[in-house]
1. Got a sec to turn the phi values of segment 155-161 into Karplus ³J(HN,Hα) couplings, 6.51 cos²θ - 1.76 cosθ + 1.60 with θ = phi - 60°, whole Hz, x for Gly and Pro?
2. Using a 10 Å cut-off around each Cβ, can you sort Val162, Val100 from fewest to most neighbouring Cβ atoms?
3. Take the residue pairs Lys167/Lys187; Lys134/Lys187; Lys134/Lys169 and return only those whose Cα atoms are more than 22 Å apart.
4. With unit charges on the beta carbon (Lys/Arg positive, Asp/Glu negative), name the residue among Ile139, Ile96, Val162 whose Cα is farthest towards the positive pole of the charge dipole of segment 62-189.
5. Ratio of Rg to Rh for segment 42-188, alpha carbon only, Kirkwood?
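All of the numbers you see were taken from the coordinates with simple rules; none came from a lab. These figures come from a predicted structure and were not determined experimentally. Cβ atoms come from the backbone with ideal geometry, glycine included; neighbour counts cover every protein chain shown.
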Amino acid sequence: MKRGTSSRNGIGVVPLILALVVVLAAGILLYRNWQQERDVTKDEPGAMSWTSGSTTAPAFSLKDTNGNIFSSAQLTGKPAAINFFATWCPPCREEIPGFVEVYNRHKENGFELIGISLDTDTRENLPGFLMNNKIGYRILFGDLATARAYGGVSALPTTFFVGRDGKIKNVHIGYMDKDAFDKEVRKLL
């Protein structure tokens, strides 16, 4: 081939490969979500109750905002909510004031609320975000492995409600208002 010319076949190969990768990834995500839905029953929009509460919450060890390692083993015997969120997520930001209020109301009863931040490019915004929202519960820096362990968290916010026995009792995907959050926390106490 002469210098400065291009092959017609070479021009279309890269976009074709990218399109195939996107289609394959979408197919995998759809299949995984379909598999998850087979294992749960839906009670209301945005909520999924794990069948018979038999799924143990996956273990994790993540850094908190001070650089300390927090292990999920520290939640043993405690009712807990684990909320996957990001600072750039509007519904996440909207539900946090209600979460703060409910947490403050029930923390003396042993209730634990853990926020797992899935911020990547916006991690530096997290300390200011915590101060502005008066968040007094523990915030951890999440990772892909933890999100995958919890069923491949595919939407934010997603909140897991874990009983004293360490079993996932309920999962709520999407925004959750203060009253609905309080109702789920009371079920755990």
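1. Computed from phi, the couplings for segment 155-161 are 9, 10, x, 9, 10, 9, 9 Hz.
2. On the way: Val162 24, Val100 17.
So the ranking, lowest neighbour count to highest, is Val100, Val162.
3. Lys134/Lys187; Lys134/Lys169
4. The one lying farthest along the dipole's positive direction is Val162.
5. Numbers: Rg = 13.9 Å, Rh = 15.2 Å.
Taking Rg over the Kirkwood Rh, I get 0.92.
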